[in-house]
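Visitor: The structure that follows is given in the form of structure tokens.
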Amino acid sequence: MTTLWRHGRLATLAAGASWGLVERGALLVDSPHLRWAGPEADLPAGIDIADEHDLEGALVTPGLVDCHTHLVYAGQRAREFELRLLGASYEEIARAGGGIRSTVAATRGADDDTLYSLARARALALAAEGVTTLEVKSGYGLSEQHEARLLRIARRLGRELALTVRTTCLAAHALPAEYEGRADDYIDAVCSWLPTLHAEGLVDAVDAFCEHIAFTPSQTRRVFDAAQRLGLPVKLHAEQLSNQGGTELAASFGALSCDHLEHASEAGIRAMAASGTVAVLLPGAFYFLRETKLPPVDALRAAGVPIAIATDHNPGSSPTLSPLLMLNMACTLFRLTPEEALRGMTVNGARALGLHDRGTLAAAQRADFAIWPVEHPNELVHGFGQHPTVRVIVGGEETRP
Ligand code: DI6
Ligand code: FE
């Protein structure tokens, strides 16, 4: 059964420049895939159209892909925000048992239904700005039982909402209090959990936080070795607060992405280019932590490393639920062009998740798209805090959140 969507302005994001714009464009959908996208005048003949929608000149983009979120947690950290404004640093708060550990305590204390409904509300807020594919990391459980619980809740989001959810095990996010002074033992434990979590079908990728306040490169390597033994792809929170050489390490494992990267080196960028690793830049965390060292955007461009943009939604360093605001900040803070920013939250975001069936409007891609009441895609990036009303189509079906 083929559905025709006609009289739209398409930002196909096909390779090349100018957003892949098609004036007076049309889409043919065989759910859940696109059968055809192009100028309405070139619609293929002889197709049996079962249903037809008039887009009335609205803009159509691929559905947004938010490739880095920490969506499943309880509690909030507004007090910590206040403390930072009174002079405490993120690191000081983390070292004093605040920060990630306080979210771990709140998360462990919440029941499954509470965690699910909190995460669901967050996912719906992202969907309300055009997100159709979402990555959800664990990392606020930090025990086998609680990491499994968070990943199950992420899977449940994917089953119950009209969204694709990819799960990432980030058990190596922070050292839980019960392992104080025994980081290597904790890493051993994480490595021993992965086969069980994977056997239950809970893990699409494995991530770690490689940082002086978290885990060393050699601890990260052990987590990656365990992931590799299971055939799972890896990603890394790399060079966010300092340069640890995590980028080179992740690239040597063929990582899907390295994320944050403010302190990435030339050698790290060369390694990412060689391994086809995506650079996921997170302007929300940069802004909220009031970082001053910019990610090396020019060097990433020069090396041909694909750049993705994500919300990094989490309660400590990026408590935002606005993907469009992140596109704007990618331009204002990191000097991406508006087109680079949108490609970063569509085609390159998908690539950071190892997904090649979405992120552009083209035949055989998933029919995940967003319909916006604007004339040009640069308007989505230019305004901020405007929350335009968007219609969201997932797998060819309009969603009604
Ligand atoms: N880097 C971050 O910015 C977040 N996690 C990470 O590895 C912070 C998470 C938090 O503060 O709760
Ligand atoms: Fe993160």
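Visitor: Assess whether His382 counts as being touching a residue at least 60 places away in the same chain (Cβ under 8 Å) and over 24 Å from Val136 (Cα atoms). Steps first, answer last, please.
Guide: Working: touching a residue at least 60 places away in the same chain (Cβ under 8 Å): no; over 24 Å from Val136 (Cα atoms): yes.
No, not satisfied.
Visitor: Check whether at least one residue in the range 309-330 is free of Cβ contacts under 8 Å to residues at least 24 places away in the same chain, farther than 30 Å from Arg95 by Cβ, away from ligand 2 (no atom under 15 Å from the Cβ) and not hydroxyl-bearing (Ser, Thr, Tyr), and report yes or no.
Guide: There is no residue in the range 309-330 that is free of Cβ contacts under 8 Å to residues at least 24 places away in the same chain, farther than 30 Å from Arg95 by Cβ, away from ligand 2 (no atom under 15 Å from the Cβ) and not hydroxyl-bearing (Ser, Thr, Tyr).
Visitor: Another question about this same structure. Which residue is farthest from the chain's Cα centre (by Cα), if the candidates are limited to the range 41-97 and must be modelled with pLDDT under 95 and of a type in the set (Ser, Thr, Tyr)?
Guide: Result: Ser89.
Visitor: List the helices (runs of 4 or more DSSP H) that sit entirely inside the range 236-343 and contain at least 2 residues that are open to solvent by 10 Å² or more (accessible area, probe 1.4 Å), aromatic (Phe, Trp, Tyr) and within 14 Å of ligand 1 (Cβ to nearest atom).
Guide: 283-288
Visitor: Yes or no: the range 58-78 includes at least one residue that is touching a helix residue (DSSP H, G or I) at 6+ places or on another chain (Cβ under 7 Å), in a helix (DSSP H, G or I), away from ligand 2 (no atom under 16 Å from the Cβ) and not basic (Lys, Arg).
Guide: no
Visitor: Given the residues His68, His33, which is the only one that is assigned by TED's automatic domain parsing to the domain that holds Thr277 and either in contact with a Lys or Arg (Cβ under 6 Å, 6 or more places away or on another chain) or in contact (Cβ under 8 Å) with a residue 60 or more places away in the chain (or both)?
Guide: Matching residue, one of His68, His33: His68.
Visitor: Next question, about the same structure. Within the bounds of the range 345-365, is there any residue that is crowded, with 21+ Cβ neighbours inside 10 Å, within 16 Å of ligand 2 (Cβ to nearest atom) and not in a loop (DSSP other than H, G, I, E, B)?
Guide: Yes; the residues of the range 345-365 include at least one that is crowded, with 21+ Cβ neighbours inside 10 Å, within 16 Å of ligand 2 (Cβ to nearest atom) and not in a loop (DSSP other than H, G, I, E, B).
Visitor: Any idea how many residues of the range 213-223 are away from ligand 2 (no atom under 15 Å from the Cβ) and crowded, with 23+ Cβ neighbours inside 10 Å? Before the answer, list the steps.
Guide: Going through the range 213-223, the residues away from ligand 2 (no atom under 15 Å from the Cβ) turn out to be 216-219, 221-223.
Applying the additional criterion that residues be crowded, with 23+ Cβ neighbours inside 10 Å yields 223.
Number of matching residues: 1.
Visitor: Within the set of pairs 6+ apart or on separate chains, which have a first residue in the range 267-294 that is of a type in the set (S, T, N, Q), a second that is open to solvent by 40 Å² or more (accessible area, probe 1.4 Å), and C-beta atoms under 6 Å apart?
Guide: Ser275/Gly254
Visitor: For Ala14, which of the numbered conditions (1) at pLDDT 95 or above; (2) farther than 30 Å from Thr114 by Cα; (3) not in a strand (DSSP E or B) fails to hold?
Guide: (1)
Visitor: Are any of the residues in the range 173-182 open to solvent by less than 10 Å² (accessible area, probe 1.4 Å), more than 16 Å from ligand 2 (Cβ to nearest atom) and assigned to a helix (DSSP H, G or I)?
Guide: no
Visitor: Search the range 374-401 for residues being assigned to a helix (DSSP H, G or I) and under 20 Å from the mean Cα position of the chain (by Cα), and hand back the single one that is surrounded by the most Cβ atoms within 10 Å (Cβ to Cβ).
Guide: The selected residue is Leu380.
The values are calculated or read from the model by the stated rules, or taken from the named source; none is laboratory data. For clarity, every value in this text was computed on a predicted model and none was experimentally measured. Cβ sites come from the backbone with ideal geometry, for glycine too, and all protein chains shown count toward neighbours. These area figures cover heavy atoms from the full protein model, side chains too; ligands, DNA and RNA do not enter into them. Shrake-Rupley method; radii C 1.70, N 1.55, O 1.52, S 1.80 Å.
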